[in-house]
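S.K.: Questions regarding the structure given below will be posed in turn.
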Amino acid sequence: MSDKKKLELIKKIKDNDVRFLRLQFTDIAGVMKNLAVPISQVEKVLDGEIMFDGSSINGFADISESDMYLVPDLDTFVIFPWRSANGKVARLICDIYLPDGHPFPGCPRTNLKRVLKEANDLGYTMHVGPEAEFFLFLSDEKGHATTQVQDEAGYFDLAPIDLGENARRDMDTTLEEMGFEIEASHHEVAPGQHEIDFKYGDALHVADAIMTFKLVVRSIAQRHGLHASFMPKPIFGINGSGMHTHQSLFKDGQNSFYDPNGPDQLSDTARYYMGGILKHARAFAAITNPTVNSYKRLVPGYEAPVNIAWSGANRSCLVRIPAKRGASTRVEVRNPDPTCNPYLALAAMLSAGMDGIKNKIEPPAAVDRNIYKMEDEERIALGIGSLPGNLLEALVELEASELIKGALGSHIYEKFRQGKLEEWNEYNIQVTPWEVSSYLTKF
Amino acid sequence: MGILLFKAGDEDVTRANIIIGDGNSSNRRRLKDLLTRAGYVVEAEATNAPELLRKTRSMYPDLVIMDAGLEGGSVAEIAGIIQGDDISNVLVLAQGNKGWVPEDIAQIQKPYTEETILSVIEVILVYQNRLASSRQEVSVLKESLQSRKNIEQAKGVLMKQLGIDEAEAYRTMQKESMNRSISMKDLARAIITAYKDN
């Protein structure tokens with residue numbers, strides 16, 4: 001860590017009268033954790049001397065190995081543009097280290113760096129462009145979230161004002177002030193549903209950006225009296241929220257997915273990458289779709305993929321190849337949802353794709369028909385598999401895949417599996433309103 | 001925000017728009033009566049913090065009066081958002097030490113007399129007006145300062161590029177500005193952009 005950079009940062013902090021630093025990291029479940037430190041501690045922060053108790057973070061470590069250090073990535077410094085009652089706040093994203101100076105194997109960010117380096121050793125840099133969808137709901141009198149959608153609430157007589165649109169515009173400007181390049185920002189299919197896309201970048205930077213993005217969207221929504229939710233399927237019967245993830249590999253500054261002479265102008269690398277994604281989709285689903293609720297989104301009829309196939313335009317497939325070629329050639333993986341831990345999800349998908357490249361896995365032929373409308377026999381005849389139907393099935397698939405487990409590392413995998421099995425079991429013993437209404441009077 | 005013409009002590013109160021945020025319905029009714037009698041327009045009422053934020057963001061009132069006991073968010077935070085994002089001014093009705101509020105947010109202690117709250121409101125609105133017009137003045141001044149800077153810079157560019165003296169450069173710009181019917185300011189920017197890479 002160069003001293004020049006540190007001095008620059010300290011100057012920035014002073015010039016902008018920053019009062020607090022938020023040290024951020026993401027736990028295995030994909031939840032951002034914060035340690036707020038007063039600005040008087042800035043030297044300690046920059047020297048990576050801030051300690052925290054790792055055993056208090058879910059799924060992180062046992063009490064015996066609880067002392068951990070936060071080492072900030074200085075390139076992630078940003079001042080939050082919104083004001084708070086306590087003055088200006090800035091953040092730094094951190095990697096977690098053990099007291100002996102080694103990186104902590106349970107840190108998802110460090111793990112992603114490891115997987116990216118493996119690809120990098122073969123000359124590849126992963127580029128990612130995410131499209132995260134979310135709902136804006138009204139907050140109730142206690143400030144808690146509801147599932148009431150503002151646009152339909154008929155809440156205001158002032159017709160032209162859409163609170164959601166206003167809030168989203170505010171999110172766009174805030175994100176831009178924080179250095180995001182917004183590519184698209186629009187209302188989505190369902191009432192109250194929105195999507196903001198930002199420019200693609202290298203995978204680590206984008207994983208950081210996804211976490212920041214979720215924080216900004218939630219904070220700004222709150223400032224508008226709304227609640228932003230990234231839950232995959234908050235309301236039965238309408239479209240859920242996904243996070244389509246566009247991916248490409250660059251080699252020597254060139255997009256290695258593009259080949260003007262290849263079939264569909266796609267290179268072998270692109271086809272093999274896709275082959276790997278399709279082959280391992282069932283195994284990485286637990287990572288890209290990690291909640292009980294994730295699988296309620298992955299049902300036919302709502303533009304979410306169910307079937308493991310690829311196509312140029314067909315949105316019922318797991319993988320779509322957008323029409324753009326040249327430097328923009330990419331594969332769009334459509335099953336991930338915004339509850340995933342982006343560091344783990346990118347590590348898992350990259351490993352799947354790289355396995356395809358290393359072992360020259362040919363993808364099956366493209367499916368250009370709407371799979372939702374196919375009969376089962378037809379799908380079986382075409383060899384189109386489907387994603388796991390629920391979290392438990394996904395966890396079983398993950399358990400069987402040495403490749404994806406390897407992409408997580410044994411520490412993260414073990415903690416992930418434990419946490420998710422608990423989550424499944426807790427869900428499984430619930431008696432849901434559906435059961436009551438279906439069985440109570442019938443039997 | 002409409003243009004309000006207040007002077008402290010004026011009896012003629014222009015109709016300012018106010019939103020009330022208070023969880024207690026009889027408090028709201030009493031305050032609304034009082035404000036309406038004094039000539040203000042109570043645009044909306046909110047019973048909790050998120051609702052207050054939503055209504056304030058939709059209506060941009062001249063003033064928000066919120067009770068310190070409002071539920072659904074911290075008073076300091078909500079008042080900070082409304083003032084910080086320049087949506088409206090806020091007056092907090094405080095009771096004892098409940099709900100700490102930063103110093104830059106106006107507050108009066110409950111119970112208050114009618115005279116107290118009305119004069120406080122009047123003062124807030126008057127100062128808000130003066131602040132708004134000063135802000136406007138500052139932005140006009142900033143703009144003209146920037147234009148002058150740009151014109152000077154463009155003049156310099158022309159002098160260097162065309163090898164002419166200052167008076168001639170200025171004259172050239174004046175002529176071009178008239179011929180093309182664009183302001184000196186825009187012309188200056190165009191010249192700077194055109195020669196930026198040279």
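The values are calculated or read from the model by the stated rules, or taken from the named source; none is laboratory data. Computed from a predicted model, the values in this text were never measured in an experiment. Cβ sites come from the backbone with ideal geometry, for glycine too, and all protein chains shown count toward neighbours. For the accessible areas, the whole protein counts, side chains as well, though only heavy atoms, and no ligand, DNA or RNA atoms are used. Shrake-Rupley method; radii C 1.70, N 1.55, O 1.52, S 1.80 Å.
S.K.: At a threshold of 8 angstrom on Cα-Cα distance, excluding pairs fewer than six apart, so keeping six or more, what relative contact order does chain A reach in percent?
M.R.: 15
S.K.: Select from B:S181, B:S25, B:S88 the residue whose mean-square fluctuation is largest in a Gaussian network model of chain B (Cα-Cα springs shorter than 10 Å).
M.R.: Checking each option, the largest mean-square fluctuation is seen for B:S181.
S.K.: Another question, if that's okay. Where does chain B land on Rg(C-alpha)/(2.2 N^0.38 Å)?
M.R.: Here the Cα radius of gyration is 1.53 times the empirical estimate.
S.K.: Moving to a separate point now. Output the direction-averaged projected area (hull surface divided by four) of the convex hull of the alpha-carbon atoms of segment B:101-198, in nm².
M.R.: Approximately 10.7 nm², given one-decimal rounding.
S.K.: Would you tell me the accessible area of A:E303, worked out with a 1.4 angstrom probe on the heavy atoms of the protein chains, in Å² to the nearest 10?
M.R.: 90
S.K.: Rank these by accessible area, largest first, 1.4 Å probe: A:D170, A:D197, A:D268.
M.R.: Greatest to least solvent exposure: A:D268, A:D170, A:D197.
S.K.: Moving on to the next point. Give the relative contact order (percent, whole number) for chain B; include only Cα pairs under 8 Å separated by 6+ residues.
M.R.: Relative contact order here is 15 percent.
S.K.: Shielding by partners for A:139-147, please: the mean number of other protein chain Cβ atoms within 10 Å of each residue's Cβ.
M.R.: For peptide A:139-147, the averaged partner shielding equals 5.
S.K.: To continue, here is another question. Does anything in segment B:131-165 have its amide N under 20 Å from the 7 Å Cα→Cβ label point of B:E176, and if so which residues?
M.R.: B:146-165
S.K.: Treat each spin label as a single point 7 Å out from the Cα along the C-beta direction, and report the B:A38 to A:E362 distance in nm.
M.R.: For B:A38 paired with A:E362, the spin-label model returns 8.2 nm.
S.K.: How large is the direction-averaged shadow of the alpha-carbon convex hull of chain A, in nm²?
M.R.: Projected area, direction-averaged: 25.1 nm².
S.K.: Relative contact order, percent, of segment A:159-282 when contacts are C-alpha pairs under 8 Å separated by at least 6 residues?
M.R.: It comes to 14 percent, rounded to a whole number.
S.K.: While we're looking at this one, here's another question. How far apart, in nanometres, would the label points at B:L145 and A:D15 be if each is projected 7 angstrom from Cα along the Cα-to-Cβ direction?
M.R.: The answer from the label model is 1.8 nm.
S.K.: Against the longest alpha carbon principal axis of chain B, how many degrees, from 0 to 90 and to the nearest 10, is the axis of helix B:166-179 turned?
M.R.: Rounded to the nearest ten degrees, it is 70.
S.K.: First select every other residue whose beta carbon is under 13 angstrom from the beta carbon of A:R320; then total the charges, Lys and Arg +1, Asp and Glu -1.
M.R.: -1
S.K.: Please report, ordered by residue number, every helix of chain A (full DSSP H runs) that is 15 Å or longer along its axis going by C-alpha atoms and whose mean Kyte-Doolittle hydropathy reaches -0.5.
M.R.: Helices passing the filter in chain A: A:203-223, A:268-288, A:342-358.
S.K.: If you don't mind, another one. Chains B and A: buried accessible surface, both sides, probe 1.4 Å, rounded to 100 Å²?
M.R.: For chain B against chain A, roughly 1600 Å² becomes buried.
S.K.: Can you grab the distance from the C-alpha centre of segment A:81-115 to the C-alpha centre of segment B:71-106, Å, no decimals?
M.R.: Using only Cα atoms, the two centres lie 32 Å from each other.
S.K.: Over the Cα atoms of segment A:227-325, what Rg and Dmax result, in angstrom?
M.R.: Considering segment A:227-325 through its Cα atoms, Rg and Dmax are 15.5, 49 Å.
S.K.: What FRET efficiency do you get for B:E137 and A:A327 if R0 is 56 Å and r is their Cβ-Cβ distance, rounded to the nearest 0.05?
M.R.: With R0 = 56 Å, the Cβ-Cβ based efficiency is 0.70.
S.K.: Largest first and in whole Å, what are the equivalent-ellipsoid semi-axes of segment B:20-83 based on the Cα gyration tensor, each being the root of 5 times an eigenvalue?
M.R.: Gyration-tensor ellipsoid for segment B:20-83: 19, 14, 9 Å.
S.K.: Going 7 Å from the Cα of A:E422 along its beta-carbon direction, which residues of segment A:17-41 have the amide nitrogen within less than 19 Å of the resulting point?
M.R.: A:26-34
S.K.: Could you tell me the accessible area of B:L70 in Å² (1.4 Å probe, neighbours in place), rounded to the nearest ten?
M.R.: 10
S.K.: Another question about this same structure. Identify which of B:E77, B:E143, B:E166 has the largest mean-square fluctuation in a Gaussian network model of chain B, with springs joining Cα atoms closer than 10 Å.
M.R.: Largest GNM mean-square fluctuation: B:E166.
S.K.: Please work out how much accessible surface A:H246 shows to a 1.4 Å probe, ignoring ligands, DNA and RNA, in Å² rounded to 10.
M.R.: 10
S.K.: A follow-up question, please. Just the ratio, please: alpha-carbon radius of gyration of segment A:98-255 over 2.2 N^0.38 Å, N its number of residues.
M.R.: This ratio for segment A:98-255 stands at 1.23.
S.K.: Still on this model: Pop out the carbon and sulfur fraction of the accessible area of the protein assembly as shown as a percent, whole number, probe 1.4 Å.
M.R.: The value for the protein assembly as shown is 51 percent carbon and sulfur by accessible area.
S.K.: Between B:V123 and A:E141, take the C-beta separation as r, use R0 = 22 Å, and let me know the FRET efficiency to the nearest 0.05.
M.R.: That gives a FRET efficiency of 0.10.
S.K.: Please compute the net charge surrounding A:Q247, taking Lys and Arg as +1 and Asp and Glu as -1 over other residues with Cβ under 11 Å from its Cβ.
M.R.: 0
S.K.: Related question: Any chance you could tell me what percent of the C-alpha pair distances in segment A:289-443 go past 29 Å?
M.R.: So the portion of pairs separated by more than 29 Å is 27 percent.
S.K.: By a straight-distance test (C-alpha under 25 Å), which lysines pair with A:K251 as possible cross-link partners, with residues fewer than eight away in the same chain excluded?
M.R.: Those lysines meeting the cut-off are A:K113, A:K117, A:K199, A:K279, A:K324, A:K358, A:K360.
S.K.: Name the most mobile residue of A:E183, A:E332, A:E133, meaning the one with the largest mean-square fluctuation, in a Gaussian network model of chain A with Cα contacts below 10 Å.
M.R.: Fluctuation is largest for A:E183.
S.K.: In Å³ and rounded to a whole number, note down the convex hull volume per residue for the Cα atoms of segment A:279-372.
M.R.: 105
S.K.: Then there is this: Given points 7 Å out from each Cα along the Cα-Cβ axis, report the A:H186 to B:A167 separation in nanometres with one decimal.
M.R.: Taking the simple label geometry, A:H186 and B:A167 are separated by 6.0 nm.
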